[in-house]
Amino acid sequence: MKISKWKIAAFLTPCILLFSLVFVIPMLIIIVTSFFDWKAGGIFNFVGLNNYINAFTADKRMHQAIINTLIWVALQATIHVSLGTLIAYLLSMKVKGWKVFRTIYMIPNVISSSVLAVILVNVFRAKGGLVNGIITKITGTTFTKNWFFDSDSAFITVTLTWLIYTGLIVIIALAGFMSVPEEIIDAARIDGASDAKLLFRIKLPLIRTVLGTCVILAATSKLTEFELIYLTTGGGPGDMTINLPLYLYKTSMIDNNYGYASMMSVVLVLFGVICVFLIHRIFRMNEADI
Amino acid sequence: MLSKKSKLWVTVTMIFLILMALISIGPLFWVVMSSFKTTKETMRDAFALPNSWNFDGYRVALDISPIFKFYGNSLVIALSSTLLNLVVVSMAAYALARFRFKGNEQLTLLFSSSLLIPVSALLMPIYRIWMTLKLFDTRLGLILVYAALGLPESLFLFKAYFQSIPKELEEAAYLDGAGVFRTFLTIICPLAKSGLATGAILQFLKSWNEFIFALVLTKSTEVRTLPLALNYFTSQFTFNYAAMFAGITMAVLPSILIYVLLQEQVTSSMIAGSLKG
């Protein structure tokens, strides 16, 4: 049956409008205005690549934000995903209570990360915090480390807070492990493959694309991380735990330096595109083989 | 020998899994428990169980902060954005799945490319546009953004579902003289119910939990959502831990409740949503 053009348009137009309003027009704005000196009070001058040059040469805070963001993306994409995959593998052996574990691991992923951030502020609080409470119990002496605000522990504490989100990786990887056909595993066992061999030679390669998806999810979630820093350390002490989204927020909403913020948005988008592209290549994700 | 070794393995595995479970819900459990303690008790021994059930924290929290108003705002915004997302995206997904027209593939590619954009990059321009359109500090403003944020995931989910429905059903409907809109509403949507539900759950949770756009696009308490309210807890309840913990407990309760009630659906939605993305 032939469907008239205006009917097709009627189906598509609302979606295109919404998409343009929130994605296309903002994208165009950040690309264009990243070449402008645009500040509150009507300042709007073309400055060419100045914002970019300034960011990559003079702006120490920007350097710190980029370095932190990249470190966190790398840690998340490797350690976090490995941990999640390991847990998923153990659960896929159907250990006692695996369904209960799966349910528990997912809970932090369904609650708002702002709630979780406020909870963690209290967990790592110097006085009356859970972590110090446990340490005091074990050692018998009062322990009052200010985990989020001491300069020797702030970075690692922020990094550790993300451990709590392993659950999402677990359920996705678990779904992957479950999708490996029984016949393949049985055949390999008959051929005398050990558990380790089965895991590294057969299961992991077979769920490659699922793992790739996990890595993309983990990496991009750290590119956009905001709440768990803003609501805990606020980027401090100094700029030790600042990242790109947080600096972007401060530049645009507090300093009202819109042109510079646009440049940072462009950098952030480029990072995102490069990340996804690289991970796709590494995991050979467009060659499906399950 | 073998059984001894495997017994050890099982024990190690169990300890590891239990440890991870404690990390996952220990903090949450601790906050709920501490909400029934007095601030003094918490300060003296953070780790101890409450001496008695103490509801002072809840009373103070409800006095200081209009939590029920924030519940209402969050609910209205999350439900509306879910509905908007469902209607707008399912129509587009149907057109892209079924109709042959020039630019179909390019349009699909354009929609999917938005998955590559870290959303925080769009904060400033959206804030400026919302100011111009007078959408700043309104519920509608947040509803529009939230509906759009879930657009790419929903689109792929719905499109895949529509494509899995046999074409013959629609053709029969057309032969009976039903129009495109009626066929879509009365034949396709009921058949794709579970797919639509999956998308709706994802979209609801996303909107219910969203923080950064709420922070940037609203300012008055009138339209404040629950996650944003948390932002002010730490300063409002300084030195009254009991009230802060009570506030957190009340804020987190609905999400947990939804998850417990719809556990299977939520889990499978999250898997489906991630794999499509």
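All of the numbers you see were taken from the coordinates with simple rules; none came from a lab. These numbers were taken from a predicted model, which means no experiment stands behind them. Virtual Cβ from ideal backbone geometry, glycine too; neighbours counted across all protein chains shown.
For chain B, modelled as a Gaussian network with Cα springs under 10 Å, which listed residue fluctuates most, B:75, B:115, B:107?
Its mean-square fluctuation being the largest, the pick is B:107.
Among rounded, prolate and oblate, which fits region A:76-116 when a ≥ b ≥ c are the square roots of the eigenvalues of its C-alpha gyration tensor, a/c under 1.5 means rounded, and a/b larger than b/c means prolate?
On the way: a/c = 4.58, a/b = 1.28, b/c = 3.57.
Judged from the Cα gyration tensor, region A:76-116 comes out oblate (a/c at least 1.5, b/c at or above a/b).
Roughly what % of Cα-Cα distances in region B:2-58 sit above 16 Å, to the whole percent? Provide the component values of the computation, followed by the final result.
Values: 915 of 1596 pairs.
More than 16 Å apart: 57 percent of the Cα pairs in region B:2-58.
Calculate, axis by axis, the spread of Cα positions in the protein assembly as shown along the three principal axes, and write the results as whole Å, longest axis first.
Ordered largest first, the protein assembly as shown gives principal extents of 79, 75, 50 Å.
Hey, quick one: spin label on residue A:13, modelled 7 Å out along Cα-Cβ, who in region B:124-168 has an amide N within reach, i.e. under 17 Å?
Under cut-off, by backbone N: nothing.
Using only Cα atoms, tell me the angle between helix B:2-34 and the longest principal axis of chain B; keep it within 0 to 90° and round to the nearest 10.
Helix B:2-34 sits roughly 80 degrees off the main axis of chain B.
Angle, helix B:241-261 long axis vs. longest principal axis of chain B, Cα atoms, 0 to 90°, nearest 10?
40
For a quick protection proxy, order the peptides B:141-147, A:278-284, A:204-210 by their average other-Cβ count within 10 Å, most packed first.
B:141-147, A:204-210, A:278-284
Per 10 Å bin, what percent of the C-alpha pairs of chain A does each bin hold, from zero upward?
6, 20, 25, 23, 17, 7, 1, 0
In degrees between 0 and 90, to the nearest 10, how far off the longest principal axis of chain B does helix B:67-98 point, with axes built from Cα atoms?
For B:67-98 against chain B, the angle is about 30 degrees.
Counting only complete DSSP H runs, which helices of chain A cover 24 Å or more along their long axis at the Cα atoms and score a mean Kyte-Doolittle of 0.0 or above?
A:258-282
Applying a 10 Å radius around every beta-carbon, put B:231-244, A:34-47 in order of their mean neighbour count, most first.
With the highest mean Cβ count within 10 Å placed first, the list reads B:231-244, A:34-47.
At residue B:164 and residue A:186, where each label point lies 7 Å from the Cα along Cα→Cβ, what is the point-to-point distance in nanometres?
With each label point 7 Å from Cα toward Cβ, the separation is 2.6 nm.
Give me the distance between the Cα centres of region B:31-57 and region B:123-182, rounded to whole Å.
Value for the Cα centre distance between the two parts: 47 Å.
D for region A:131-230, whole µm²/s, Stokes-Einstein with Kirkwood Rh over alpha-carbon pairs at 25 °C and 0.890 mPa s: what number?
The calculation lands on 143 µm²/s.
Please find the FRET efficiency linking residue A:50 to residue A:240, where r is the Cβ-Cβ separation and R0 is fixed at 30 Å, and quote it to the nearest 0.05.
Efficiency at R0 = 30 Å is approximately 0.60.
Quickly rank A:81-89, A:179-187 as a protection proxy: mean count of other C-beta atoms within 10 Å, highest first.
Listed from highest to lowest mean packing, they are A:81-89, A:179-187.
Across the residues of B:105-113, average count of Cβ atoms on other protein chains within 10 Å?
Mean shielding count: 2.
So what's region B:66-236 giving for Cα Rg divided by 2.2 N^0.38 Å, two decimals? Display every interim value, and only then the final one.
Details: Rg = 18.6 Å, N = 171, 2.2 N^0.38 = 15.5 Å.
That ratio works out to 1.20.
When a/c reaches 1.5 or more, the comparison of a/b and b/c decides; with that in mind, is region B:198-273 rounded, prolate or oblate per its Cα gyration tensor?
Numbers: a/c = 3.34, a/b = 1.60, b/c = 2.09.
The shape class here is oblate.
Report the far tail of the P(r) of region A:21-98, meaning the percent of Cα-Cα pairs longer than 19 Å. All intermediate terms of the calculation are to be shown ahead of the outcome.
Details: 1968 of 3003 pairs.
Of all Cα-Cα distances in region A:21-98, 66 percent exceed 19 Å.
Quick one: check the C-alpha center-to-center distance for region A:158-205 versus region A:59-90, whole angstrom.
After rounding, the separation between the Cα centres reads 21 Å.
Listed here are the pairs A:7/B:102; A:145/B:37; B:69/B:219; B:134/B:206; A:94/A:203; which of them are more than 19 Å apart at the Cα?
In this structure, A:145/B:37; B:134/B:206 lie more than 19 Å apart at Cα.
Can you work out the PRE-style zone for residue A:274? Point 7 Å along Cα to Cβ, and I want the residues of region B:108-148 with backbone N under 15 Å.
B:118
How many Cβ atoms of partner chains, on average, are near each residue of A:170-183 if near means within 10 Å of its Cβ?
2
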